[in-house]
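Note sheet for the following structure.
The values are calculated or read from the model by the stated rules, or taken from the named source; none is laboratory data. Keep in mind the model is a prediction, meaning the values are calculated, not measured. When we count neighbours, we look across all protein chains shown, and the Cβ atoms used for this are built from the backbone with ideal geometry, even at glycine. Just the protein is used for accessible areas: all its heavy atoms, side chains included, with ligands, DNA and RNA removed. Shrake-Rupley method; radii C 1.70, N 1.55, O 1.52, S 1.80 Å.
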Amino acid sequence: MENQTSGTEFVLLGLTRDPFLQSLLFTVVLIIYLIILLGNMLIMMVIRIDCHLHSPMYFFLFHLALVDICYATTVVPKMLVNFLVKGSITIAVNACMTQMFFIFLSAGCEVFMLSVMAYDRYVAICNPLKYQEAMSKHFCYQLVGSSWAMGLLYSALNTIPVLNIQFCGHAEIKHFSCELPPLLSAACSGAYLSKLILLCSAVIFGSSSFLLTLISYIYIITTVLKIQSAEGRHKAFSTCSSHFIVVGLLYITALFQYTKPKSVSSIILDQVLSTQYSILTPMLNPIIYSLKNKDVKAALGRILKKLQFV
């Protein structure tokens with residue numbers, strides 16, 4: 001406790017210190033990061049260029065792709081640099097707090113953006129005649145702004161209390177990034193309030209977002225099952241199948257992360273789960289939406305045809 005400090009830097013233990021595994025992981029993570037950037041930027045470009053995709057559904061998808069880029073960029077570049085370091089991996093306290101802030105911001109915004117997209121599909125399927133009126137351009141901007149605002153609030157609530165925590169000098173973070181739970185494990189004192197706020201905010205924000213998404217899908221499924229023709233049911237389900245897969249991937253991972261018993265908790269398992277929702281999900285989102293969405297594939301085809309004639 002004598003070496004207690006608000007500190008100048010932390011030591012990140014990372015994924016591995018084996019030189020061969022570091023080189024291998026550097027290559028793999030770099031490829032994944034390039035897929036994240038190119039895939040999500042392609043989605044954003046296609047939505048922006050093709051007038052057929054200028055609808056609320058793709059407006060929200062545009063912002064989901066933007067959030068995914070922000071989320072991955074907050075975590076991955078530092079990971080790549082760490083893989084190239086031979087000795088101890090350190091990160092300045094200010095840089096660590098900044099990374100943690102943007103992790104919370106991106107994660108909070110993403111879950112509420114998915115709820116907004118679920119509500120959009122609810123209105124489109126359950127009230128199609130009122131869709132244009134209900135999902136006006138102004139209202140869509142409000143929904144996206146609210147998602148970012150909820151992410152900002154979630155981030156501020158969890159970041160500000162950490163600034164008052166005392167950490168031991170050169171405290172070790174048993175993780176590859178400055179996520180709050182492993183960061184709190186490195187605290188010497190004053191971590192109780194942050195742990196309490198993290199638990200309460202995760203329950204309140206997570207459950208509210210999950211309930212909004214769940215209620216929307218209950219109404220969607222109920223409405224679709226009432227459709228007489230099989231073709232009509234398939235068409236209705238196809239408009240939200242991509243979103244349903246993305247939501248499932250995110251919530252299953254997050255649910256397991258926060259509800260798993262301590263007996264199955266480990267540093268490796270926590271890092272695997274963190275990799276899933278901070279790196280793999282942003283990579284899979286554009287792949288899922290491009291492969292499962294006929295409109296996006298058609299728009300991409302139209303753009304490619306135009307480029308051929310230029």
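Just give me the residues in the range 216-237 being among the basic types (K, R) and either under 26 Å from the mean Cα position of the chain (by Cα) or part of a loop (DSSP other than H, G, I, E, B) (or both), in sequence order.
Across the range 216-237, the qualifying residue is only K226.
Would you point out the residue of the range 179-189, among those that are open to solvent by less than 40 Å² (accessible area, probe 1.4 Å) and out of contact with any Cys (no Cβ under 9 Å at 6 or more places or on another chain), that is farthest from L114 (Cα to Cα)?
Checked the range 179-189; the qualifying residue farthest from L114 (Cα to Cα) is L184.
Can you pull out every residue in the range 214-255 that is surrounded by fewer than 17 Cβ atoms within 10 Å (Cβ to Cβ), closer than 22 Å to G108 by Cβ and small (G, A, S)?
Across the range 214-255, the qualifying residue is only G248.
Please pick out the residue among F176, F167 that is hydrophobic (A, V, I, L, M, F, W, C), closer than 23 Å to A72 by Cβ and either crowded, with 19+ Cβ neighbours inside 10 Å or touching a Ser or Thr at 6+ places or on another chain (Cβ under 6 Å) (or both).
Step by step, each of F176, F167 is checked, and only F176 is hydrophobic (A, V, I, L, M, F, W, C), closer than 23 Å to A72 by Cβ and either crowded, with 19+ Cβ neighbours inside 10 Å or touching a Ser or Thr at 6+ places or on another chain (Cβ under 6 Å) (or both).
Could you give every pair whose Cβ atoms fall below 8 Å, whose first residue belongs to the range 129-148 and is touching a residue at least 40 places away in the same chain (Cβ under 8 Å) and within 22 Å of L105 (Cα to Cα), and whose second residue is part of a helix (DSSP H, G or I) and open to solvent by 40 Å² or more (accessible area, probe 1.4 Å), counting only separations of at least 6 or pairs across chains?
C140/F59; L143/Y119; V144/F59
Of the conditions (1) surrounded by fewer than 18 Cβ atoms within 10 Å (Cβ to Cβ); (2) touching a residue at least 40 places away in the same chain (Cβ under 8 Å); (3) in a helix (DSSP H, G or I); (4) of a type in the set (V, I, T), T90 clears all except one; give me its number.
Answer for T90: the failing condition is (3).
If you check F20 against the conditions, is it farther than 29 Å from C188 by Cα, open to solvent by 10 Å² or more (accessible area, probe 1.4 Å) and not β-branched (V, I, T)?
Against the criterion (farther than 29 Å from C188 by Cα, open to solvent by 10 Å² or more (accessible area, probe 1.4 Å) and not β-branched (V, I, T)), F20 qualifies.
Find all pairs meeting these conditions: Cβ atoms under 9 angstrom apart; at least six residues apart or on different chains; first residue within the range 150-171 and free of Cβ contacts under 8 Å to residues at least 24 places away in the same chain; second residue open to solvent by 80 Å² or more (accessible area, probe 1.4 Å) and basic (K, R).
Once the first residue is free of Cβ contacts under 8 Å to residues at least 24 places away in the same chain and sits in the range 150-171, no partner that is open to solvent by 80 Å² or more (accessible area, probe 1.4 Å) and basic (K, R) comes close enough.
Quick one: in the range 258-290, of everything that is part of a helix (DSSP H, G or I) and loosely packed, with under 12 Cβ neighbours inside 10 Å, which residue is modelled with the highest pLDDT?
Ranking the qualifying residues of the range 258-290, first place goes to I268.
Looking at the range 64-77, can you tell me whether even one residue there is farther than 21 Å from K174 by Cβ and at pLDDT below 85?
No - not one qualifying residue is present in the range 64-77.
Among L211, L196, which is the only one that is under 30 Å from I125 (Cβ atoms), aliphatic (A, V, I, L, M) and open to solvent by 30 Å² or more (accessible area, probe 1.4 Å)?
Within the list L211, L196, the selection yields L211.
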